[in-house]
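Report on the following structure.
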Amino acid sequence: MRIGAMLGDVSRSLFRRPATELYPFERREAPRRLRGLLEFEASKCTGCKICMRDCPARALDLVVVDKATKRFAMRFHVDRCTYCAQCVVSCNFDALAMSSDQWELAGLARGQFLRTLGREEDLAVIREREAASPPGQGA
């Protein structure tokens, strides 16, 4: 590269505003079709487990709360998910969706990357089961 051309680029850059953004303080709106955090609507879930079978990252676990009344919850491993949305496409009952506004998912502790999704009363039943079960055994 010639020095004259390089000096021209440098002089033009001196009078331009920076192209960077002050991210945590100035946020842009996320794109509408962004694939963010998984959302689960437990009232639409039938327990067919197609979402679990089709997930290439094995990031989903269906938890049966009460099979007779078709009450289910979903364990979502955020750290395993590749955000491909295959589970959303596979769900025939529209129980799963990808959020376009929850996309800031960084964290410091591994425990916060396991989320249990579902109705609040079902989540309370799951917490009671886990508290009653001996350590080392899941619900």
Reported set for segment 43-61 where residues are open to solvent by less than 30 Å² (accessible area, probe 1.4 Å) and touching a helix residue (DSSP H, G or I) at 6+ places or on another chain (Cβ under 6 Å) is Cys51, Cys55, Leu60
Filter segment 65-124 down to the residues that are of a type in the set (Gly, Ala, Ser) and under 14 Å from Glu39 (Cβ atoms), then identify the one that is nearest to the chain's Cα centre (by Cα).
-> Ser99
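Quick grid of which residues meet (1) open to solvent by less than 70 Å² (accessible area, probe 1.4 Å); (2) assigned to a loop (DSSP other than H, G, I, E, B); (3) closer than 14 Å to Ala42 by Cα:
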site	(1), (2), (3)
Met74	yes, no, yes
Arg80	no, yes, no
Val89	no, no, no
Asn92	no, yes, yes
Asp101	no, yes, no
Leu105	yes, yes, no
Asp122	yes, no, yes
Arg127	no, no, no
Ala131	no, no, no
Is segment 22-41 home to any residue that is in a helix (DSSP H, G or I), free of Cβ contacts under 8 Å to residues at least 12 places away in the same chain and open to solvent by less than 100 Å² (accessible area, probe 1.4 Å)?
-> no
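The values are calculated or read from the model by the stated rules, or taken from the named source; none is laboratory data. Keep in mind that this is a model prediction, so the values were computed, not measured. FYI the Cβ positions are ideal-geometry reconstructions off the backbone, even for glycines, and counts take in every protein chain you see. Quick note on the areas: whole protein, heavy atoms, side chains included, nothing else; ligands and nucleic acids left out. Shrake-Rupley method; radii C 1.70, N 1.55, O 1.52, S 1.80 Å.
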